[in-house]
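Chemist: Quick one: the structure is below, questions incoming.
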Amino acid sequence: DAGVIQSPRHEVTEMGQEVTLRCKPISGHNSLFWYRQTMMRGLELLIYFNNNVPIDDSGMPEDRFSAKMPNASFSTLKIQPSEPRDSAVYFCASRKLAGELFFGEGSRLTVL
Amino acid sequence: KQEVTQIPAALSVPEGENLVLNCSFTDSAIYNLQWFRQDPGKGLTSLLLIQSSQREQTSGRLNASLDKSSGRSTLYIAASQPGDSATYLCAARNSGNTPLVFGKGTRLSVIA
């Protein structure tokens with residue numbers, strides 16, 4: 001069984017550049033979550049989707065952040081323009097509607 | 001609004017000791033609670049999921065309990081091993097459709 005797949009695993013970019021993080025949830029899961037983890041703030045929920053529909057994006061820090069889920073097997077998190085304070089590990093997770101949550105390995109972003 | 005707290009933030013024990021990790025939550029009307037393990041540089045691995053109707057769940061040397069009335073859950077690790085060293089996170093949610101709310105985790109070190 002393939003788990004949640006995220007790419008890239010590591011991204012180093014310069015301030016002002018656009019960053020796109022990708023996620024493929026577990027097949028059959030209908031809820032998808034994007035989290036950000038830093039030492040200072042721990043794990044923060046950015047946005048989540050149920051059946052490809054964004055339900056709550058109140059955790060998205062600014063308009064520079066956007067997320068899409070065009071179909072049940074793919075989601076993107078985009079940061080444009082990126083800033084050094086966006087440096088963090090970004091996790092994607094998925095689950096069946098009332099089930100156990102499974103995480104990907106994360107995308108470590110460094111913005112110089 | 002649900003809040004999850006884990007105390008202590010860090011714990012160090014000798015190998016072979018039985019130990020308990022604590023998790024408390026503010027809203028007792030939870031739907032389920034999940035315990036995760038996170039190794040450095042890795043994603044979160046689900047350990048146990050306890051539904052609101054359950055009092056405990058067991059997996060190998062791990063046992064998680066749930067007491068909704070007191071707003072507490074514990075993760076019991078029997079005969080600890082150095083390989084158990086990791087950060088353990090607790091997360092609760094209030095309905096089948098809502099996201100998990102995470103604690104900041106307890107960093108466990110098991111010393112050989």
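Taken together, the values in this text are just the output of simple stated rules run on the coordinates, not laboratory data. Everything numeric here is computed off the predicted structure, so don't read it as measured data. Please note: Cβ atoms are built from the backbone with ideal geometry, for glycine as well, and neighbour counts cover all protein chains shown.
Chemist: Which of these, A:20, A:76, A:38, has the largest mean-square fluctuation under a Gaussian network model of chain A (Cα springs below 10 Å)?
Modeler: Highest fluctuation among the options: A:38.
Chemist: Let's test the formula: R0 of 25 Å, r as the Cβ-Cβ distance of residue A:96 and residue B:5. What FRET efficiency results, to the nearest 0.05?
Modeler: For R0 = 25 Å, the calculated efficiency reads 0.35.
Chemist: Express the Stokes-Einstein translational diffusion coefficient of chain A in µm² s⁻¹, to the nearest whole number, given a Kirkwood radius over alpha-carbon pairs, 10 °C and a viscosity of 1.306 mPa s.
Modeler: Calculated translational D: 114 µm²/s.
Chemist: Still on this structure: Looking only at B:40, B:82, B:14, which one moves most when chain B is put into a Gaussian network model with springs between Cα atoms under 10 Å?
Modeler: B:40
Chemist: Oh, and also: Can you grab the distance from the C-alpha centre of the range B:44-112 to the C-alpha centre of the range B:1-24, Å, no decimals?
Modeler: Result: 9 Å between the Cα centres.
Chemist: Taking +1 at the Cβ of each Lys and Arg and -1 at the Cβ of each Asp and Glu, which of A:15, B:71, B:95 sits farthest along the dipole of the protein assembly as shown towards its positive end, judged by Cα position relative to the Cα centre?
Modeler: B:95
Chemist: Under the definition of partner shielding as Cβ atoms of other protein chains within 10 Å of a residue Cβ, what is the mean value for peptide A:95-101?
Modeler: Average neighbour count from other chains, rounded to a whole number: 5.
Chemist: Straight-line reach from residue A:96: which aspartates and glutamates fall under 18 Å, measuring Cα to Cα and dropping same-chain residues less than 8 apart?
Modeler: Those aspartates and glutamates meeting the cut-off are A:1, A:56.
Chemist: Could you give the size of the charge dipole of chain A about its Cα centre, using +1 on the Cβ of each K and R and -1 on the Cβ of each D and E, expressed in debye and rounded to the nearest 20?
Modeler: I would put it at about 240 debye.
Chemist: Report relative contact order for chain A in percent, whole number only (criteria: Cα-Cα under 8 Å, sequence separation at least 6).
Modeler: 38 percent
Chemist: Scattering from the C-alpha atoms of chain B alone, worked out with Debye: what is log10 I(q)/I(0) at q = 0.13, 0.14, 0.16, 0.19 1/Å?
Modeler: Values, matching the q order: -0.44, -0.51, -0.66, -0.92.
Chemist: Can you pull the one-decimal nm distance between simple spin-label points at residue A:108 and residue B:18, each 7 Å off the Cα toward Cβ?
Modeler: Computed distance between label sites residue A:108 and residue B:18 equals 3.8 nm.
Chemist: Under 18 Å Cα-Cα from residue B:68, which aspartates and glutamates qualify once same-chain neighbours fewer than 8 residues away are excluded?
Modeler: B:3, B:27, B:56
Chemist: In Å, what is the Rg of the alpha-carbon atoms in the protein assembly as shown, and how long is Dmax?
Modeler: Values for the protein assembly as shown (Cα only, Rg and Dmax): 17.6, 51 Å.
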